[in-house]
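Below: one structure in structure tokens.
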Amino acid sequence: MSALEAATLPMMLTELRLPTIKRLWPALAEQSNREGWPAERFLAALCEHEMNERERRRIDRHRAESALPPDKRLSAFDFAAVPTVSKAHVTALAEGDSWLEQGANILLFGPPGVGKTHLIAGLGHALVERGYRVLFTRTSDLVQRLQAARRDLRLPAELARLDRFDLLICDDFSYVRRDQGETSVLFELIAERYERKSLAITANQPFSGWDHVFAEPAMTLAAVDRLVHHATIFEMNVESFRRRVAQKGLAPSEQRKPTTSKPKG
Ligand code: ADP
Ligand code: MG
């Protein structure tokens, strides 16, 4: 290769926005020359690296924008602690695919501390790794944002912005206060995403306690109807994980191991 090529190649690769090829081509070119690769093989190897890197950066961006709690992964979730939730079922949901394409929902119910947030965040992380876009929000924050949007007459634009996300997680749904304006933006969100884009909701009370979530009974019925129409429901009616760990001094998964390096008590 001429000195001119060696000098202009980095500039061209910058111009074409191919940072990975720009970084890797000298080493790969050397290997290719040494091993006598056909030109196609060299070119394909460079393109493959660029595409893989691009995908990785895309996933990193999606993880950052997801606002998912970083340490709540499925790998750290002890399924044995929640017998009503099957690991196989959650693993299948973590593949994404058909349920997200249908805009189906996930509803998690249970008292505080049973792992609702951890489980749904773990599922969110798994979906991000699969290339999906997820947004984790506390329902009260989301409602504030939607109400502010409505005041500025840009609620439709804000709902459209949320459309980018294959899954919108509304954590602590039942904490939302009963107020006409607050509940109606939530209702609009549910109606807007119905059968198009998935929602995941965590709540302390199953639907029977939802009269205080929506101002009017008719609105509650209509919202619940849309939410459950295509939904996976997990009832997590176990004892608080936090309380169990506090009482026993060890996580349940650690207790099952016969040998542990930690001193007991
Ligand atoms: P909830 O949202 O139902 O109130 P969290 O998901 O916040 O409960 O769980 C409370 C704490 O216990 C968190 O630190 C969470 O990581 C942990 N936790 C709950 N359930 C499990 C579980 N099955 N395996 C591992 N950690 C758990
Ligand atoms: Mg929670």
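The values are calculated or read from the model by the stated rules, or taken from the named source; none is laboratory data. Source: prediction; values computed, not measured. As a convention, Cβ positions derive from the backbone with ideal geometry for all residues, glycine included, and neighbour counts pool all protein chains shown.
Can we say Leu167 is away from ligand 1 (no atom under 16 Å from the Cβ), touching a strand residue (DSSP E or B) at 6+ places or on another chain (Cβ under 7 Å), over 17 Å from His230 (Cβ atoms) and at pLDDT 95 or above?
Taking the combined requirement at face value, the residue does not satisfy it.
Sticking with this structure for a sec: Before we move on, is Arg193 away from ligand 1 (no atom under 13 Å from the Cβ), assigned by TED's automatic domain parsing to the domain that holds Asn105 and among the basic types (Lys, Arg)?
Yes; evaluated as a whole, the condition is true for this residue.
Could you please give the count of residues in the range 183-193 that are crowded, with 18+ Cβ neighbours inside 10 Å and farther than 18 Å from Ser140 by Cβ?
Number satisfying all stated conditions: 1.
Something else: Mind checking which residues of the range 88-105 are within 16 Å of ligand 1 (Cβ to nearest atom) and more than 12 Å from the chain's Cα centre (by Cα)?
Residues satisfying the conditions are Ala88, His89, Val90, Thr91.
Let me ask something additional. Answer yes or no as to whether Glu239 is among the acidic types (Asp, Glu), surrounded by fewer than 18 Cβ atoms within 10 Å (Cβ to Cβ), modelled with pLDDT under 80 and closer than 23 Å to Ala121 by Cβ.
yes
What number of residues within the range 112-155 satisfy the criterion of being within 14 Å of ligand 2 (Cβ to nearest atom), closer than 23 Å to Glu192 by Cβ and among the β-branched types (Val, Ile, Thr)?
3
Are any of the residues in the range 89-111 surrounded by fewer than 22 Cβ atoms within 10 Å (Cβ to Cβ), in a loop (DSSP other than H, G, I, E, B), in contact (Cβ under 8 Å) with a residue 60 or more places away in the chain and within 16 Å of ligand 2 (Cβ to nearest atom)?
yes
Could you tell me which of the residues Leu146, Leu127, Leu159, Leu123 is surrounded by 14 or more Cβ atoms within 10 Å (Cβ to Cβ), part of a helix (DSSP H, G or I) and within 16 Å of ligand 1 (Cβ to nearest atom)?
Within the list Leu146, Leu127, Leu159, Leu123, the selection yields Leu123.
Continuing with this model, one more query. Is there any pair linking a residue in the range 22-44 that is within 20 Å of Arg54 (Cβ to Cβ) and loosely packed, with under 10 Cβ neighbours inside 10 Å to one that is of a type outside the set (Phe, Trp, Tyr) and at pLDDT 95 or above, with Cβ under 8 Å and at least six apart or on different chains, and which?
If the second residue must be of a type outside the set (Phe, Trp, Tyr) and at pLDDT 95 or above, no pairs are left.
Scan the range 195-238 residue by residue and report those that are part of a strand (DSSP E or B) and either under 16 Å from Asp172 (Cα atoms) or among the aromatic types (Phe, Trp, Tyr) (or both).
Within the range 195-238, Leu199, Ala200, Ile201, Thr202, Ala203, Ile233, Phe234, Glu235 meet the criteria.
Restricting to the range 189-240, and then to whatever is of a type outside the set (A, V, I, L, M) and touching a Leu at 6+ places or on another chain (Cβ under 6 Å), can you tell me which residue is nearest to ligand 2 (Cβ to nearest atom)?
By that ranking, first place goes to Thr202.
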